[in-house]
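Have a look at the structure below before the remarks.
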Amino acid sequence: MEKLNDISSYSKGDAANQEIEKLPPLLFQEDDLSDRFSSSKEYDHQLDALFLDATPPLWSYEHKMQELEDIESQYFKLIKPRARSQDHVAGSEVSDQSKLSTDDIIRLGGEHFIQSRSVVDNSISTHPYSGSLVGLSDQELKDVQLIENLLLSSEKVAQQQFDRSRKLLDLCDALSSSSGNPIQRIVYYFSQALREKINKETGRISSFTGSGKKNYHDMQGRIMNTAMTRLSIYQKLPFYQAANFSCVQALVDRVSKAKRVHVVELAIRQGVHTMILMQALASQPEPIKHLKITAVGTGFEKQIKQTGGHLKSFAESINLSFSYNMVIVEDILDFNIDLLELNPREALGVFSMYGLWSMIGQQDRLESLMKVIKSIKPRVMVMCEVAANLNSPNFVNRLIEALFHYGAVFDSLEDCMDGEDEHRGITESMYLGEGIRSIVAAEGAERAVRHVNIDVWRKFFARFGMKEIGFSVSSLYQAKLVAGKFPCGSCCTFDKDGKSVNIGWKGTPIECLSAWKFS
């Protein structure tokens with residue numbers, strides 16, 4: 001473990017000298033196998049059902065399902081007590097119980113939002129949060145009011161009462177700031193997104209031009225020069241490192257006995273997780289003879305090549321026999337299995353750190369990805385994706401889910417980084433702010449940022465004969481050990497979801513790790 005910890009310092013210094021640029025998530029494409037999937041209209045409808053409305057309506061689970069048009073039902077998640085996994089991983093409890101988290105503030109704001117409306121459900125008055133404003137500080141009371149005003153504004157947008165929504169957003173803007181506390185920061189970006197949505201609905205500005213794919217690449221282009229920011233965030237937020245180490249261990253568990261290993265990378269970026277893998281394989285009692293990495297991309301060839309150069313240098317420094325291949329295609333549909341240099345003597349694995357979400361809005365490419373992966377028959381596919389449903393066609397559903405997800409991320413930045421940190425500001429404006437804008441303000445094909453939770457991925461993967469495999473004790477131990485080395489690591493939480501693992505912040509899931517094999 002001591003050797004593995006050297007990797008993050010090496011990658012940081014190396015990137016500082018050579019200015020590694022950020023790489024976009026990379027995709028797989030189509031081959032000639034399993035044509036029955038692409039020709040099946042029924043299958044297309046199933047994909048639509050899975051990926052176009054991934055967020056369950058936000059009603060109380062004790063009542064019968066209400067119609068989606070019923071605005072009342074969409075907000076009940078705000079006052080529903082947070083569910084915790086029955087398989088909570090010990091050793092990851094939050095240490096400071098006196099300070100309210102963003103999750104707590106959002107739920108309090110949601111409770112008072114619902115109570116401020118014409119409530120027909122009398123059970124709300126007996127909710128455990130009732131009366132819980134007693135004892136809150138002045139700032140916490142203001143934060144609760146901020147959330148309530150934001151939710152009121154979103155409701156007015158849903159009801160197309162745009163003038164009333166703008167007035168509520170004026171109140172939000174007066175009390176929020178991009179440099180305030182986590183609630184003030186998150187409300188600042190959500191308020192901006194709601195204003196953009198209003199302006200689109202009223203014709204003041206036009207919608208984004210082009211498809212979600214184009215908007216995604218445009219967004220990537222705006223943040224291409226923030227590699228040092230990504231590395232700074234990686235250094236300071238425990239759940240990112242914990243996820244990398246745990247996923248690498250899951251891969252190593254499946255290929256460790258092989259002499260030659262080939263890993264297909266769907267999102268290599270700066271290659272930090274690849275360095276962890278290289279170190280882990282080189283540190284085994286019986287080191288492997290050779291490691292091959294194949295990085296697949298649709299553009300950004302210069303950055304992918306640059307990452308390969310850094311990986312080769314790192315391999316030399318640890319005496320690891322290593323080769324690096326690039327497969328760059330103009331369009332993902334141009335990719336085929338013949339472009340991969342497969343060798344039957346190699347243990348093959350697929351590794352994806354946030355490499356799938358960008359294809360959710362491009363179902364033909366997502367289907368193509370799975371057909372290629374199935375055809376190459378890897379021993380294991382390990383992936384990490386966002387642990388949230390942010391892809392409902394109903395913008396209120398997306399907004400509420402995004403409030404909890406981004407609230408936890410903003411909370412972690414507050415606890416782990418200085419408020420004036422340059423990299424924190426870039427992260428919040430370019431990454432988080434742009435994500436909120438896309439989720440809240442964009443509709444249909446123009447929406448670039450889409451995420452679904454592990455239940456949706458399970459249903460999708462099952463159609464390709466994929467079976468979920470559990471994470472080993474050593475893999476979970478790696479994650480907890482890494483998180484424990486951070487000053488704020490006690491806020492990092494680990495919960496099992498079936499055979500997958502959710503890594504979160506103060507109980508709110510942020511990342512979901514899963515491993516798969518083909519039956």
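The values are calculated or read from the model by the stated rules, or taken from the named source; none is laboratory data. Computed from a prediction, not measured in an experiment: that's the story for all the values here. With ideal geometry, Cβ positions are generated from the backbone for all residues, glycine too; neighbour counts draw on all protein chains shown. Ligands, DNA and RNA are excluded from the accessible area calculation, which covers all protein heavy atoms including side chains. Shrake-Rupley method; radii C 1.70, N 1.55, O 1.52, S 1.80 Å.
Observations on the structure shown:
- Considering residues of segment 304-316 that are touching a residue at least 60 places away in the same chain (Cβ under 8 Å) and open to solvent by 20 Å² or more (accessible area, probe 1.4 Å) only, the residue nearest to the chain's Cα centre (by Cα): GLN306
- Of residues in segment 208-244 being of a type in the set (Lys, Arg) and under 17 Å from THR427 (Cα atoms), the one modelled with the lowest pLDDT: ARG222
- The test for being modelled with pLDDT under 95, part of a loop (DSSP other than H, G, I, E, B) and closer than 21 Å to SER438 by Cβ does not hold for SER130.
- Scanning segment 245-266 finds no residues that are touching a residue at least 24 places away in the same chain (Cβ under 8 Å), in the same structural domain as MET370 (by the TED database) and closer than 24 Å to ILE426 by Cβ.
- Residues in segment 167-189 that are assigned to a helix (DSSP H, G or I) and surrounded by fewer than 19 Cβ atoms within 10 Å (Cβ to Cβ): 6 in all.
Per-residue answers, yes or no, for (1) basic (Lys, Arg); (2) crowded, with 22+ Cβ neighbours inside 10 Å; (3) within 21 Å of the chain's Cα centre (by Cα):
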site: ILE268; (1), (2), (3): no, yes, yes
site: LYS289; (1), (2), (3): yes, no, no
site: LYS292; (1), (2), (3): yes, no, no
site: SER323; (1), (2), (3): no, no, no
site: GLU346; (1), (2), (3): no, no, no
site: VAL350; (1), (2), (3): no, yes, yes
site: TYR354; (1), (2), (3): no, no, yes
site: SER368; (1), (2), (3): no, yes, no
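- For the condition under 22 Å from the mean Cα position of the chain (by Cα), small (Gly, Ala, Ser), outside the structural domain of GLY435 (by the TED database) and open to solvent by 10 Å² or more (accessible area, probe 1.4 Å), GLY361 qualifies.
- Test: residue in segment 326-344 that is in contact with an Asp or Glu (Cβ under 8 Å, 6 or more places away or on another chain), open to solvent by 30 Å² or more (accessible area, probe 1.4 Å) and closer than 30 Å to GLY504 by Cα: no
- Set side by side, the residues ILE373, ILE337, ILE360 differ, and just one is touching a Ser or Thr at 6+ places or on another chain (Cβ under 6 Å) and at pLDDT below 95, which is ILE337.
- With respect to the conditions (1) surrounded by fewer than 22 Cβ atoms within 10 Å (Cβ to Cβ); (2) over 21 Å from LEU399 (Cα atoms); (3) at pLDDT below 95; (4) under 18 Å from the mean Cα position of the chain (by Cα), ALA479 lacks only one, and its number is (1).
- Only helices (runs of 4 or more DSSP H) whose full extent lies in segment 258-377 are considered here, and the ones with at least 3 residues that are among the β-branched types (Val, Ile, Thr) are 272-282, 363-376.
- In segment 316-334, residue nearest to ALA442 (Cα to Cα) [restricted to those that are modelled with pLDDT under 90 and aliphatic (A, V, I, L, M)]: ILE332
- Segment 452-470 residues that are open to solvent by 60 Å² or more (accessible area, probe 1.4 Å), paired with ones that are part of a helix (DSSP H, G or I) and at pLDDT 95 or above (beta carbon under 9 Å, 6 or more apart): LYS467/PHE461
- Put simply, of SER429, SER412 the only residue that is surrounded by fewer than 19 Cβ atoms within 10 Å (Cβ to Cβ) and either under 17 Å from the mean Cα position of the chain (by Cα) or in a loop (DSSP other than H, G, I, E, B) (or both) is SER429.
- With a requirement of 1 or more residues that are of a type in the set (Lys, Arg), the strands (runs of 3 or more DSSP E) lying completely within segment 454-518 that satisfy it span 466-469, 492-497, 508-518.
- Residues that are open to solvent by less than 50 Å² (accessible area, probe 1.4 Å), over 27 Å from PHE461 (Cα atoms) and not aromatic (Phe, Trp, Tyr), drawn from segment 482-506: VAL482, ALA483, CYS488, GLY489, SER490, CYS491, CYS492, LYS506
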